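The values are calculated or read from the model by the stated rules, or taken from the named source; none is laboratory data. Values in this document were obtained by computation on a predicted structure and should not be read as measured data. Areas reflect the complete protein model, heavy atoms only, side chains present, ligands, DNA and RNA absent. Shrake-Rupley method; radii C 1.70, N 1.55, O 1.52, S 1.80 Å.
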Amino acid sequence: MLRSRFALLYQVAVRYQMAPKQPHRLHVITLASTKGGTGKTTLSSALAVRAAEESKRVALLDLDPQESLA
């Protein structure tokens, strides 16, 4: 039933040239290196700032004992 309902809605969207809305996807980016001083924190904070400037929701999790992201 649900599949046929979706197929019908898709046909209507295609017929009237309306793009069906795609659900928002969660993107997880992991930066890891065993060597220190490679710029992991700098790169992760720069990526987060850029994503926030594009009105994206951002969450950072820093597991580094130095806590330099905080």
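Observations
- The string of couplings for the range 26-42 from the Karplus curve (6.51, -1.76, 1.60, θ = phi - 60°) is 8, 10, 10, 10, 10, 10, 9, 7, 7, 7, x, x, 8, x, 4, 5, 4 Hz, one whole number per residue in order, with x for Gly and Pro.
- Across the range 48-53, coupling constants 3J(HN,Hα) worked out from phi with the 6.51/-1.76/1.60 Karplus curve, θ = phi - 60°, read 5, 5, 5, 5, 5, 5 Hz, and Gly and Pro carry x.
- Here the extension length gained between Q66 and L8 equals 15.4 nm, from 0.36 nm per residue of separation less the Cα-Cα distance.
- Per-residue accessible area (protein heavy atoms, 1.4 Å probe) orders L69, L60, L9 as L9, L60, L69, starting from the largest.
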